[in-house]
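Have a look at the structure below, then the notes.
The values are calculated or read from the model by the stated rules, or taken from the named source; none is laboratory data. Values in this document were obtained by computation on a predicted structure and should not be read as measured data. Virtual Cβ from ideal backbone geometry, glycine too; neighbours counted across all protein chains shown. Ligands, DNA and RNA are stripped out before the accessible areas are found, and what is left, the full protein with its side chains, is counted by its heavy atoms. Shrake-Rupley method; radii C 1.70, N 1.55, O 1.52, S 1.80 Å.
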Amino acid sequence: MRIAVGTSDTSISGGSMRLVDNFIAGEYLASASSRRFDKRSPLDDRVIASVAEAGRGEIDAAVGAARAALAGEWGALTTEQRVDLLHGVANEITRRFEDFVAAEMADTGQPGHVMRHVFIPRGAANFKVFADVVKNVASESFRMATPDGQGALNYAIRVPKGVIGVICPWNAPFMLMTWKVGPALACGNTVVVKPSEESPQTAALLGEVMNAVGVPKGVYNVVHGFGPDSAGEFLTQHPGVDAITFTGETRTGAAIMKAASEGMRDVSFELGGKNAAIVFADCDFDAAVGTIFRSAFLNTGQVCLGTERVYVERPIFARFVQALKARAETVKYGRPEDHDADYGPLISQAHRQKVLSYYRKAVEEGATVVTGGGVPEMPEALADGAWVQPTIWTGLADDAAVVREEIFGPCCHIRPFDSEDEVVGLANDTVYGLSTTIWTTSLARAHRVAARVEVGITWVNSWFLRDLRTPFGGSKQSGIGREGGVHSLEFYTETRNICVKL
Ligand code: NAD
């Protein structure tokens with residue numbers, strides 16, 4: 001097997017282990033303190049990588065490299081030259097496609113077909129799409145009157161914000177990281193990326209791509225580690241970071257916001273959700289069941305846009321519950337490389353403990369367990385993995401913790417409703433506001449309900465369709481700001497006005 005991530009491998013009993021190092025100023029470096037942590041496979045809990053943990057010294061070096069690159073060759077490039085380089089990055093990712101697929105499969109344990117058809121292609125697209133957006137963006141100008149009758153011309157220029165701190169989660173690591181790095185670089189910034197401690201490999205591998213394509217050293221830097229009292233916190237506290245973009249839990253976002261307030265740094269946050277599906281009796285029943293099955297259980301439920309609350313109009317409630325149960329019971333557990341496997345483990349034992357604690361809580365809170373609720377029987381080789389069953393509940397009160405808190409696992413609660421007003425109230429009765437799906441064949445109702453649900457993204461008769469030019473982000477406690485297309489420019493650039501007296 002090719003060992004990438006700019007590092008070497010070492011033999012351990014039962015297989016090879018990768019050494020994943022920080023990537024600073026174009027070079028892979030271990031921590032000066034030699035601090036490392038283990039990355040374990042979600043499949044069987046085996047140690048698969050030893051990762052260098054960045055301390056304050058490495059963060060300082062990475063931020064320093066990023067600042068130097070801004071003032072150097074990178075800052076001097078024309079937009080066209082930058083765009084060409086980023087197209088080169090996308091092409092090189094495509095050339096190294098299987099390396100990225102392998103690295104992501106190892107870190108997450110998720111089925112290979114999801115990596116191949118969604119996550120890795122989207123990672124490459126993130127560089128191309130934003131390069132093209134930046135190349136084609138218009139700027140504003142206004143001619144104003146002046147007392148002498150000659151007038152003045154105002155025009156706006158966009159400049160990069162500077163060094164962007166990019167802090168990422170583990171659930172679709174490469175896609176979510178490049179969703180930030182692509183526009184940040186397209187706008188002329190430099191980045192210091194802190195991938196999740198659970199998914200360090202694709203961010204590290206991208207360093208090889210940057211070097212191969214000739215992206216100047218220091219433009220893209222990666223520091224590994226944890227959040228509090230580690231690389232994440234040190235990065236957000238560093239005064240050389242001009243703005244912070246973060247995807248992760250709402251609670252973590254609050255901590256990062258505090259750190260960013262020092263120096264009045266801007267933030268862009270994509271946070272947690274407790275997303276509802278609203279199913280009216282006039283829907284295309286099979287399409288609703290099939291897509292809600294995906295939105296609840298794809299990636300083992302570890303999708304921020306996934307569905308954890310399902311509201312079904314009473315006449316079709318019982319039929320819907322039975323149909324979703326039947327689909328959930330067809331999942332095929334397996335390794336990422338198994339062709340027929342469509343369901344992997346959770347990311348880690350810690351996350352599994354959290355999800356299983358909600359499985360127990362649901363029963364304590366009086367749920368009827370329609371299916372699942374525990375741990376599947378796995379073959380001996382996978383018995384130590386972070387496996388849980390896809391789980392469906394009914395019968396919980398609207399104020400049950402399981403209905404209100406984000407679980408981020410393969411589970412949902414289904415509840416009947418009787419009117420449009422009632423279901424809009426139920427869907428909005430949450431601190432979160434990320435996404436909703438609406439299932440109906442009534443065009444008028446679809447538009448009416450879509451305008452009333454308090455979320456950043458609404459899908460009608462669909463889910464997870466994304467045109468990268470559209471605004472993406474959450475309402476309420478699900479996020480701050482919008483990224484996507486020209487909306488990303490609002491965060492990754494600063495607009496300056498120049499007024500010329502004519
Ligand atoms: P998390 O908040 O635990 O961690 C995310 C990242 O933040 C990790 O890299 C972590 O090391 C770092 N971190 C943790 N504490 C920090 C601190 N105090 N300072 C700086 N960095 C810190 O989230 P997670 O468990 O990795 O991801 C799951 C969460 O992400 C879920 O809540 C999910 O809804 C959310 N998510 C949201 C979106 C979206 O687009 N809205 C997309 C994907 C995931």
In the set K180, K161, K194, the lone residue that is touching a Leu at 6+ places or on another chain (Cβ under 6 Å) and closer than 27 Å to G272 by Cβ is K194
Inset, instruction - Taking A54 as the residue in question, decide whether it is open to solvent by less than 40 Å² (accessible area, probe 1.4 Å), assigned to a loop (DSSP other than H, G, I, E, B) and modelled with pLDDT of 95 or more. - result: yes
Checked V289, V303 against criteria (within 30 Å of G385 (Cα to Cα), open to solvent by less than 20 Å² (accessible area, probe 1.4 Å), in a helix (DSSP H, G or I) and assigned by TED's automatic domain parsing to the domain that holds T394); the one match is V289
Selection from segment 384-423 of residues free of Cβ contacts under 8 Å to residues at least 40 places away in the same chain and either outside the structural domain of R319 (by TED's automatic domain parsing) or out of contact with any helix residue (DSSP H, G or I) (no Cβ under 8 Å at 6 or more places or on another chain) (or both) yields Q389, G395, D399, S419, D421, E422
Residue set G149, G188, G207, G214; condition away from the ligand (no atom under 16 Å from the Cβ), surrounded by fewer than 19 Cβ atoms within 10 Å (Cβ to Cβ) and touching a residue at least 60 places away in the same chain (Cβ under 8 Å); output residue G214
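State all residues of segment 219-242 that are more than 9 Å from the ligand (Cβ to nearest atom) and open to solvent by 30 Å² or more (accessible area, probe 1.4 Å); if no residue qualifies, say none.
At the first step, the residues of segment 219-242 found to be more than 9 Å from the ligand (Cβ to nearest atom) are 219-224, 238-242.
Correct list: H238, P239, D242.
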The lone condition E198 fails out of (1) open to solvent by less than 30 Å² (accessible area, probe 1.4 Å); (2) within 15 Å of the ligand (Cβ to nearest atom); (3) touching a residue at least 40 places away in the same chain (Cβ under 8 Å) is (1)
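Residues L19, L43: which one is hydrophobic (A, V, I, L, M, F, W, C) and out of contact with any helix residue (DSSP H, G or I) (no Cβ under 7 Å at 6 or more places or on another chain)? I'd like the intermediate steps shown before the answer.
Details: L43 fails: out of contact with any helix residue (DSSP H, G or I) (no Cβ under 7 Å at 6 or more places or on another chain).
Of L19, L43, the one residue that is hydrophobic (A, V, I, L, M, F, W, C) and out of contact with any helix residue (DSSP H, G or I) (no Cβ under 7 Å at 6 or more places or on another chain) is L19.
I'd like the full set of residues that are of a type in the set (V, I, T) and part of a helix (DSSP H, G or I), limited to segment 96-143.
Let us first name the residues in segment 96-143 that are of a type in the set (V, I, T), namely 101, 108, 114, 118, 120, 129, 133-134, 137.
Correct list: V101, T108, V114, V118, I120, V129, V133, V134.
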So, first residue without any contact (Cβ under 8 Å) to a residue 60 or more places away in the chain in segment 261-275, second residue part of a strand (DSSP E or B) and within 13 Å of the ligand (Cβ to nearest atom), Cβ within less than 7 Å, six or more apart or across chains; the pairs are R265/I244
Residue set A341, A326, A281, A381; condition free of Cβ contacts under 8 Å to residues at least 40 places away in the same chain, among the hydrophobic types (A, V, I, L, M, F, W, C), out of contact with any Leu (no Cβ under 7 Å at 6 or more places or on another chain) and over 17 Å from T437 (Cα atoms); output residue A326
Checked segment 260-282 for anything farther than 18 Å from Q477 by Cβ and open to solvent by less than 10 Å² (accessible area, probe 1.4 Å); matches are A277, I278, V279, F280
Residue pairs qualifying under the 7 Å Cβ cut-off, at least six apart or on distinct chains, with the first in segment 243-258 being touching a residue at least 12 places away in the same chain (Cβ under 8 Å) and more than 9 Å from the ligand (Cβ to nearest atom) and the second being among the charged types (D, E, K, R) and open to solvent by 60 Å² or more (accessible area, probe 1.4 Å), are A243/D266
Kindly establish whether W170 is within 24 Å of A231 (Cβ to Cβ), within 17 Å of the chain's Cα centre (by Cα) and open to solvent by 20 Å² or more (accessible area, probe 1.4 Å). yes
L434 - would you say it is modelled with pLDDT under 95 and of a type outside the set (S, T, N, Q)?
no
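Only one of these is touching an Asp or Glu at 6+ places or on another chain (Cβ under 8 Å) and among the hydrophobic types (A, V, I, L, M, F, W, C): V223, V215, V192. Name it. Walk me through how you get there before you give the answer.
Values: V215 fails: touching an Asp or Glu at 6+ places or on another chain (Cβ under 8 Å); V192 fails: touching an Asp or Glu at 6+ places or on another chain (Cβ under 8 Å).
When all the criteria are applied, what remains is V223.
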Outside the structural domain of L434 (by TED's automatic domain parsing) and either more than 16 Å from the chain's Cα centre (by Cα) or among the polar types (S, T, N, Q) (or both), is that true of S261? yes
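For segment 348-365, indicate whether the set of residues that are part of a loop (DSSP other than H, G, I, E, B), in contact (Cβ under 8 Å) with a residue 40 or more places away in the chain and open to solvent by less than 50 Å² (accessible area, probe 1.4 Å) is non-empty. I'd like the intermediate steps shown before the answer.
Here is the first cut: in segment 348-365, the residues part of a loop (DSSP other than H, G, I, E, B) are 348, 365.
Imposing the further condition that a residue be in contact (Cβ under 8 Å) with a residue 40 or more places away in the chain reduces the set to 348.
Keeping just the survivors that are open to solvent by less than 50 Å² (accessible area, probe 1.4 Å) gives 348.
Taking every residue of segment 348-365 in turn, at least one turns out to be part of a loop (DSSP other than H, G, I, E, B), in contact (Cβ under 8 Å) with a residue 40 or more places away in the chain and open to solvent by less than 50 Å² (accessible area, probe 1.4 Å).
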Practice task
Report yes if some residue within segment 315-329 is assigned by TED's automatic domain parsing to the domain that holds G374, open to solvent by less than 20 Å² (accessible area, probe 1.4 Å), assigned to a helix (DSSP H, G or I) and under 17 Å from V453 (Cβ atoms); otherwise report no.
Solution key: no
Given (1) away from the ligand (no atom under 16 Å from the Cβ); (2) open to solvent by less than 10 Å² (accessible area, probe 1.4 Å); (3) within 23 Å of A367 (Cα to Cα), W439 misses just (3)
